[in-house]
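Written below as structure tokens is the structure these notes are about.
Any read-out appearing in this document is the output of simple, stated calculations on the displayed coordinates, not a laboratory observation. Being a predicted model, the structure only gives us computed values, none of them experimental. So basically every Cβ, Gly included, is an ideal-geometry build from the backbone, and we count neighbours across all protein chains shown.
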Ligand code: ATP
Ligand code: MG
């Protein structure tokens with residue numbers, strides 16, 4: 001083993017034990033956690049583990065949400081049983097994860113996540129060394145050092161996320177003053193904030209996500225290091241950041257998330273092309289705001305949402321800018337657009353990975369924008385049949401609403417979709433009689449099929 005690593009490990013083992021934590025129990029009658037929301041399968045997991053002699057609690061977001069009157073979802077279980085011991089108790093159980101090993105207990109489509117109590121890494125014994133792994137920057141690459149209930153509490157991220165519900169008597173257990181913080185709507189990191197962000201920079205994104213979702217204030221000591229440390233997000237694999245982005249933008253609070261991400265300089269890392277400093281064409285930021293609001297509305301109304309539409313909006317301004325630059329260099333509009341699309345997706349993916357299944361539809365709805373302006377009867381019929389037509393039409397509406405482009409075309413397409421076949425034909429014919437929309441002329445070989453270059 002290299003000497004430096006050995007020194008580091010010895011240092012960690014000799015490190016001081018965690019400070020004694022204060023335990024508080026809030027009895028069933030003194031809190032308002034909605035027990036009736038706990039599903040049958042979750043109760044069965046808790047019962048099985050308890051009967052086998054292990055400690056088992058509900059923990060995390062579901063307890064936090066339940067205590068503030070929201071309907072909790074995704075109940076997570078924390079237990080004293082090791083992953084192998086958990087697996088031995090259930091027929092349909094799979095162990096997953098390397099960085100953070102845990103058990104999935106499956107009941108049909110319902111999956112209950114069961115995690116073994118973890119300890120902070122300075123409490124580990126020599127046998128634990130293999131299970132703990134830290135980068136030179138202090139980031140936890142593996143977090144599999146098991147511990148006791150109170151140790152588990154203090155290695156969680158925020159105090160509001162570290163409350164445990166004991167189903168045998170309905171008490172809530174608190175080791176970090178989380179109950180009081182929830183009452184005061186305060187988001188507070190447990191321990192030294194800078195060290196905790198260095199261990200896992202994603203906690204900075206989680207701070208913003210929970211502040212937006214819960215309407216909590218990030219208390220000053222927790223907020224202070226974020227701007228300074230935002231570049232640490234560069235250490236996180238782009239694929240993990242994509243997961244986080246989805247949670248940030250597709251959980252019903254996206255409109256509140258974006259200003260927080262920009263305020264704390266996190267957007268500068270995640271979406272460098274889209275932040276106000278680099279994306280300041282008239283309407284560009286307004287369009288992002290509108291798209292985020294619409295996404296939240298769709299979620300609140302139980303409608304489906306997809307990340308590619310939002311990504312297409314976030315990158316629309318940067319795409320226009322680059323397209324214009326390529327056109328100004330003398331590249332004809334169609335190849336210039338293709339080149340700009342490729343470049344924008346490439347640049348963005350260095351920060352947050354965009355899987356192909358999302359980058360392809362993004363590309364399609366961008367390309368469709370210019371085709372929405374070419375309205376012969378035949379073309380219109382082909383367009384509405386396109387799988388991405390609806391998303392492309394939604395993007396057009398946003399462009400008009402934010403003032404990026406002249407209004408009128410969106411309304412026409414709204415009417416077209418509501419019209420019957422004869423009316424549609426008539427609508428297209430009428431267009432032929434009107435003077436064509438003003439458009440800058442570019443030299444382009446394939447007349448008719450050319451995209452309108454950026455204004
Ligand atoms: P929600 O499910 O509403 O997004 P959550 O708080 O349940 O929020 P999860 O990602 O499901 O978030 O994590 C469950 C719990 O695990 C958290 O409440 C927290 O206690 C702990 N946790 C999750 N991620 C981290 C992390 N990066 N660092 C420390 N603790 C974490
Ligand atoms: Mg959760």
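The table that follows gives values for the structure above.
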quantity	calculated
Helix-derived mean residue ellipticity, 222 nm - over the chain, DSSP H n ≥ 4, -39500 (n - 2.57), to 500	-14500 deg cm²/dmol
Prolate/oblate/rounded call for the range 284-430, Cα gyration tensor, a/c under 1.5 rounded	oblate
Calculated FRET efficiency for the pair residue 367/residue 281, C-beta based, R₀ 22 Å, to 0.05	0.65
Label zone at residue 100, where the point sits 7 Å out along the Cα-to-Cβ direction: the range 134-149 residues whose backbone N lies under 19 Å	134-135, 138-149
Relative exposure of 214, 49, judged by other C-beta atoms within 10 Å (fewest first)	214, 49
Whether the range 201-266 is rounded, prolate or oblate, judged on the alpha carbon gyration tensor where a/c under 1.5 counts as rounded	oblate
C-alpha long axis of helix 333-349 to longest principal axis of the chain, angle in °	10
With Cα atoms, 0 to 90° folded angle of helix 238-249 axis to the chain main axis	80
Average Cα contact separation per residue, the chain, under 8 Å, 6 or more apart, as relative contact order %	11
Share antiparallel - DSSP beta bridges, the chain, percent rounded to 5	80
Rh by Kirkwood over Cα pairs, then Stokes-Einstein D for the chain at 1.306 mPa s and 10 °C, µm²/s	63
Degrees between helix 202-214 axis and first principal axis of the chain (Cα, 0 to 90, nearest 10)	80
Net lengthening on full extension, residue 357/residue 342 (0.36 nm per residue, minus Cα-Cα)	3.9 nm
In range of the label at residue 73: residues from the range 203-238 whose backbone nitrogen is under 14 Å from the point 7 Å along Cα→Cβ	213-214
Cα→Cβ-extended label distance, 7 Å offset, between residue 25 and residue 374, nm	7.4
Exposure proxy order (Cβ contacts within 10 Å, fewest to most) of 185, 321, 303	303, 185, 321
Shape call, the range 130-259: gyration tensor on alpha carbons, a/c limit 1.5	oblate
